[in-house]
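Each value in this text was obtained by applying a stated rule to the coordinates, not by laboratory testing. Here the structure is a predicted model, which is why all the values come from computation and not from measurement. A quick note on method: Cβ atoms are made from the backbone with ideal geometry, for glycine too, and the neighbour counts reach across all protein chains shown.
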Ligand SMILES: [Zn+2]
């Protein structure tokens with residue numbers, strides 16, 4: 001059994017009330033588990049010791065909403081709103097070959113690992129063929145990350161010229177592939193489990209209930225859906241809809257839930273369902289205020305976690321989303337005082353609350369609190385080691401380590417990332433990945449360094465760009481607005 005001993009670090013340990021204490025300690029990892037947290041553990045034979053003097057050991061981050069395939073689309077959406085992103089981003093999986101999906105997915109997983117994410121929920125709306133989903137899973141396994149790969153019956157583009165969406169998103173192969181994958185799951189020694197991502201509510205109650213029942217019968221534990229209540233998407237409440245169908249329970253993880261109602265918050269809490277907030281896309285794309293720090297929605301903060309959403313739009317760093325969620329909530333709260341000519345006496349929300357959204361609350365959102373999200377004996381060894389004396393971290397790391405992580409760190413300060421007891425980033429660099437059997441034939445390589453992955457991503461991006469630059473986005477956007485019943489009169493630059 002491979003063992004690791006982390007010597008003399010400052011570990012961020014959660015207590016029973018979710019308070020995070022900084023504890024100077026050693027941590028012994030045996031196999032994939034945390035075996036001991038004690039001062040001065042003497043090294044058993046054949047153990048690899050890592051000197052953690054002046055370093056912070058944090059639980060790995062949990063990212064609960066991410067479209068991991070989108071790496072080749074990075075840089076395209078910086079100044080876009082939701083409807084433009086829908087056609088230039090979301091629907092571009094139609095132009096990805098299964099090999100493009102492999103490289104995009106691997107790039108997304110490796111960016112996440114490099115930024116300290118050890119578990120992610122992948123809303124994989126890339127399912128244009130069985131092999132697209134299979135290679136995405138294979139890339140995820142290869143990367144070494146822990147993932148709930150949420151297989152997605154995707155609302156597919158049928159044609160770009162003229163633009164149309166498939167009339168039959170649930171063709172027989174779609175659910176047959178779900179079944180096939182469920183019988184093979186879990187993948188990667190148990191690290192990659194199968195979930196369901198579902199957004200096809202327009203198919204009606206009977207179809208929705210039958211897909212959910214099938215998924216649950218196949219052992220799927222997490223079902224994730226987009227819930228954006230606004231005029232760019234739909235004003236209907238996905239929470240009330242699921243509740244009405246009798247499907248709102250603890251397996252449900254809704255992304256965004258922006259503009260959720262007080263009744264939504266009550267129903268979510270009562271059902272034990274969870275929410276993934278993605279501040280970068282929510283704030284940029286006018287989805288509404290992130291709900292994770294909204295005290296006017298009782299119970300919502302407790303049910304919330306954080307996601308990246310699109311690393312094609314923003315950095316794949318959970319810390320980045322912690323920081324944005326916290327400071328945006330503070331800014332919005334402070335503004336209420338400023339508008340009345342007053343000033344608050346107390347700062348709104350804490351770095352600890354932001355840290356919890358990206359760690360223990362992410363674990364709860366996927367029903368894995370017993371395995372991940374905090375550092376405790378018996379949990380799996382998903383850990384990050386931050387350099388505490390880097391230009392960004394020095395003095396902050398020694399005075400208040402949680403503040404150092406949330407407000408001062410960047411992925412460059414993450415020296416080591418451990419997932420399932422295996423080192424995936426060392427000395428600040430991603431380690432080589434072993435290509436999973438399923439993809440080996442397609443890719444023709446058994447081992448990849450990051451520079452190989454980057455080279456393939458650039459080739460893939462170029463080939464995709466040739467296809468993408470021929471598309472009529474304006475026409476596609478018109479059809480999407482018509483098919484999604486979007487009220488054009490509500491889209492305006494006048495306010
Ligand atoms: Zn999304």
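Details
- Shape of the chain from the C-alpha gyration tensor: oblate (a/c of 1.5 or more and a/b not above b/c, with a ≥ b ≥ c the square roots of its eigenvalues).
- The order of 481, 91, going from fewest to most other C-beta atoms within 10 Å of their C-beta, is 481, 91.
- Summarising the strand pairing of the stretch 61-365, around 15 percent of its internal DSSP beta bridges are antiparallel.
- Neighbour counts of C-beta atoms inside 10 Å place 212, 337 in the sequence 337, 212, starting with the fewest.
- Neighbour counts of C-beta atoms inside 10 Å place 450, 160, 103, 69 in the sequence 450, 160, 103, 69, starting with the fewest.
- Averaging Cα coordinates gives a centre for the stretch 361-405 and one for the stretch 281-336; these two points are 20 Å apart.
- Cα centroid of the stretch 120-152 to Cα centroid of the stretch 1-58, whole Å: 31 Å
- The stretch 181-328: antiparallel DSSP beta bridges as a percent of all, rounded to 5: 10 percent
- Centroid-to-centroid, using Cα positions, the stretch 435-469 and the stretch 166-213 are 26 Å apart.
- Relative contact order of the chain, defined on C-alpha pairs under 8 angstrom at six or more residues apart (%): 21 percent
- Over the stretch 135-239, Cα pairs under 8 Å with separation of 6+ residues give a relative contact order of 29 percent.
- Mean separation of Cα contacts under 8 Å (6+ apart) over length of the stretch 333-460, as relative contact order %: 15 percent
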